[in-house]
Each structure stands twice: as structure tokens, then as C-alpha cells.
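Peer 1: This is the structure, below, for whatever I ask next.
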Amino acid sequence: MHTVKGKSKRVSTKFKNLFKKVTISLVGRFKKKSEHRPLEDLIDPVPIDIIEENLKKMTLIYSTQSGKTPIGVYMAQGFQIPDLMLEIGRLREKVFRTVNEGTGKSCDIDEFDPFYHHIIAIEEDTKRILGAYRLGMVDKILKTMGTDGLYTYTLFKYDEILNSHFADAIELGRSFVDGEAGRSALRALDSIWKGIGAYVAQNPHYRYLIGPVSISNSYSTNSKLLMLYYLTKNFKSELSPFVKSRKPVKLKSPFSMELKSIAENLNSFSELDEWVKKYDNMVIP
């Protein structure tokens, strides 16, 4: 890895200050946002030598030599890698904007990023970030910050009875893969999940993975209704009564008789996927 020279150190300090500024400015990000506000220009990419310096503070949890370029999967808490977090925030915003789900900010970083862990897939030859996932060790967060420290608590209201179930859970979220990386993007997603598996194997007291799942507005109302019905019918947990959405789903169109009949006769995920393809010419990721 390259040695960080004096100029790079000054740039690193600049990025650390920007990291703090962006984090503070996004404290209110969960308040209702205007859907038509102008998009800010993305911040400049973080220089490679600074990314390399941040990587020294991370733990390599998985690597693969398959394919033309080796991929390394690294892990650290956000506060340990402030410069790298800015690059993650830049890429998050870039990727999420492609599906109309960006924040509109120049860098997508929130108040949870500093103390959450981040798993990052890196193309080792170029040090390009291919994708990332955010992890919250729920037991540690509850112990130090309570439920307010959980990102999902901004989306759901939890009954206290769930605390005992959360003790052995990891919260996942804010995932992205940079589609511009081509084939490496698919390898990155696979590598990230293998990295998560490797971490859980090394920490077997974590038995559950929890987190929110977004249904993109790119899908039609019919497709979203079918997905919601299928998930509720087949995956509703006995703990569901203890979780309440802060913003329950409100779709403009109710079930038609035809759609209700389709939903009630869905027997597999593949059948659901076929109907989504029929309505929207899209697949369920």
C-alpha cells in the first residue's frame, strides 16, 4: 500500500471534517422530505491512497481469488474509517439515485453510521469499493444506547418483549452494489454475504439477522400488493404483533377481485415473480 504523504494527510483531515459535518446535517433525515427537491452534486471520490490508509484499520474477514480480480471483504466500525465512510456515502447516494431512492444529499451518511459496523467488498487490484452492507450488533447497541440506537427503531415501534429476542441478532441494512462495476458487482454481492457468514461463524451467539426490506416505487401498485400479501401470508412471525410500523403501507388502489384471486392462489415465490414480470417486466431481487 502507498504511504500517505503530507498532502494526503491534509486531504484526510478535510474528509474527516466533512464526515462530521454530513453526519450532523443528516440527524433530521427521517423527517418528511420533499419528493421534488433538487439533487446536490455528489462529493468528489476519496483518493485511493486515503482509502488504502483506511483499509489498514479494517479487519479482512473474507477473500476470494476467483475471477480476474481478487476481492477482499473488510469490516470496521464507521468512526474508525471516516474517509472510507465518505466514499461509501457517495456510492450509496449514486446507486440509490438510479432507482429514485436517494436522499438528494451530496453524500448519504446518517447518524447511525459512526457506531455501526460496515462490511465492504474491495477490488484488491484497484482498491475500488464494489459494495457494502451495514451491520448493527443489537445486543451491544441496546446495552449502550437502548432501542433509540437501532436504525430500524426509526421505522418500527418495538414492544419491550422483543429485547430478549434481539439479544442474539444482527441488524442489516443500507446495502448497495455498484452496478458500474459490471461482473465484479455480482461477485461482490456474493462475497459480502460470505463475509457476513464468516463473521457469524466466528461469533455464534448471533443467531438471527433482522432488518428492513424496501419495495421500490418502480413497481406497480398491483405488484406491490401481491408482494405484501405473499409476505404476510407466508412469513408472518408469531412476534409480528409486537412490531408496529411507524408509517404503515398505504397504497392508492385496493385489491380488485381479480388481483385478490391471484394473491390467494400464489403457491411459491417463483409464481409471485412471474406475476411481477407480467405486470412490470421486472423481477424481484
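The values are calculated or read from the model by the stated rules, or taken from the named source; none is laboratory data. Everything numeric in this text was worked out from a predicted model, so none of it was measured. Virtual Cβ from ideal backbone geometry, glycine too; neighbours counted across all protein chains shown.
Peer 1: Restricting to the stretch 199-255, count the residues that are in contact (Cβ under 8 Å) with a residue 12 or more places away in the chain, part of a loop (DSSP other than H, G, I, E, B) and among the β-branched types (V, I, T).
Peer 2: Summing the residues that are in contact (Cβ under 8 Å) with a residue 12 or more places away in the chain, part of a loop (DSSP other than H, G, I, E, B) and among the β-branched types (V, I, T) in the stretch 199-255 gives 2.
Peer 1: Just to confirm my filter: which strands (runs of 3 or more DSSP E) fall fully inside the stretch 71-163 and include at least 1 residues that are within 22 Å of L60 (Cα to Cα) and of a type in the set (D, E)?
Peer 2: Filter on the stretch 71-163 gives 117-123.
Peer 1: Starting from residues that are more than 12 Å from L142 (Cβ to Cβ) and of a type in the set (D, E, K, R), keep the ones in the stretch 158-191 and report whichever is modelled with the lowest pLDDT.
Peer 2: Per the criteria, the residue is R183.
Peer 1: Can I ask one more? Of the conditions (1) at pLDDT 95 or above; (2) among the acidic types (D, E); (3) closer than 27 Å to K194 by Cα, E124 clears all except one; give me its number.
Peer 2: (1)
Peer 1: Sticking with this one: Look through A185, A169 and report the one residue that is over 14 Å from the mean Cα position of the chain (by Cα), under 22 Å from N100 (Cβ atoms) and surrounded by 15 or more Cβ atoms within 10 Å (Cβ to Cβ).
Peer 2: Result of the check over A185, A169: A185.
Peer 1: Additional query: Name the single residue, out of those in the stretch 47-93 being surrounded by 21 or more Cβ atoms within 10 Å (Cβ to Cβ) and of a type in the set (D, E), that is farthest from I119 (Cα to Cα).
Peer 2: Of everything passing the filter in the stretch 47-93, E93 is farthest from I119 (Cα to Cα).
Peer 1: Here is a list: E180, E238, E171. Which entry is closer than 20 Å to F156 by Cα and in the same structural domain as E93 (by TED's automatic domain parsing)?
Peer 2: E171
Peer 1: Would you be able to say whether some residue in the stretch 92-99 is under 30 Å from S240 (Cα atoms) and of a type in the set (A, V, I, L, M, F, W, C)?
Peer 2: There is at least one residue in the stretch 92-99 that is under 30 Å from S240 (Cα atoms) and of a type in the set (A, V, I, L, M, F, W, C).
Peer 1: Which condition from (1) in contact with a Ser or Thr (Cβ under 9 Å, 6 or more places away or on another chain); (2) surrounded by fewer than 20 Cβ atoms within 10 Å (Cβ to Cβ); (3) within 20 Å of D125 (Cα to Cα) is the one that F96 breaks?
Peer 2: (3)
Peer 1: Still on this structure: Does any residue in the stretch 110-130 that is in the same structural domain as I51 (by TED's automatic domain parsing) and among the small types (G, A, S) come within less than 6 Å, Cβ to Cβ, of a residue that is buried (at least 24 other Cβ atoms within 10 Å of the Cβ) and part of a strand (DSSP E or B) six or more places away or on a different chain, and which pairs are these?
Peer 2: Pairs that qualify, where the first residue is in the same structural domain as I51 (by TED's automatic domain parsing) and among the small types (G, A, S) and the partner is buried (at least 24 other Cβ atoms within 10 Å of the Cβ) and part of a strand (DSSP E or B), are A121/I71; A121/V73; A121/L130; A121/G131.
Peer 1: Just to be sure I understand, how many residues within the stretch 261-285 are part of a helix (DSSP H, G or I) and either modelled with pLDDT under 85 or of a type in the set (F, W, Y) (or both)?
Peer 2: Total meeting the criteria: 3.
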